[in-house]
Amino acid sequence: MLKNIRISPKKLARFAKLVSGMHVEDALAQCSVARETKAAALLRGVIASAAANARTNHGNLRGGGSDSDNANFRVAEAVVGRAPTPTRPWYHGKGRTGVRHLYRSHLTVRKLKNVYFRFFFFSLLSFFFAHLSVLFPL
């Protein structure tokens, strides 16, 4: 979770929507090659921190403590909220002034789901199709 980030909520939300639902490895890879470097760098830090917290708190169900633990987690939701927007005077010509809004954001990665069940599901599915003729003879 990051609070009071100095970036527009629209810019950050556009990129957060992109990585929501991805595996952690894919989301970090997407952040490393993104064109929106500021939003990507902020999101990459929050996702890496959330993945480290998830590994520490919940562990890896497959066992082992390698760096490939990120493949086991999925970013369920990346939420961007508006922070309080301070204003400053903005001076124009001929003695006129305006108001400049300094937009800020809050960024939260809500949950990291452990997707161990997908490995079990696909192994069960491949077993079923391999033995389909034995299970259901024609």
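The values are calculated or read from the model by the stated rules, or taken from the named source; none is laboratory data. Bear in mind the structure is a predicted one, so any value in this text is a computation, not a measurement. Neighbour counts run over all protein chains shown; Cβ positions are idealised from the backbone, glycine included.
Before moving on, here are some points about what is shown:
- Residue selected from segment 1-41 under the condition among the hydroxyl-bearing types (Ser, Thr, Tyr) and assigned to a loop (DSSP other than H, G, I, E, B), by the criterion modelled with the lowest pLDDT: Ser20
- Considering segment 74-117, and only residues there that are within 20 Å of Lys10 (Cβ to Cβ) and hydroxyl-bearing (Ser, Thr, Tyr), the residue that is surrounded by the fewest Cβ atoms within 10 Å (Cβ to Cβ) turns out to be Thr87.
- Test for Met1: is it surrounded by fewer than 16 Cβ atoms within 10 Å (Cβ to Cβ), aliphatic (A, V, I, L, M) and within 17 Å of Arg110 (Cα to Cα): yes
- Picking from residues in segment 47-64 that are under 27 Å from Leu2 (Cα atoms) and surrounded by fewer than 16 Cβ atoms within 10 Å (Cβ to Cβ), the one that is modelled with the highest pLDDT is Ser49.
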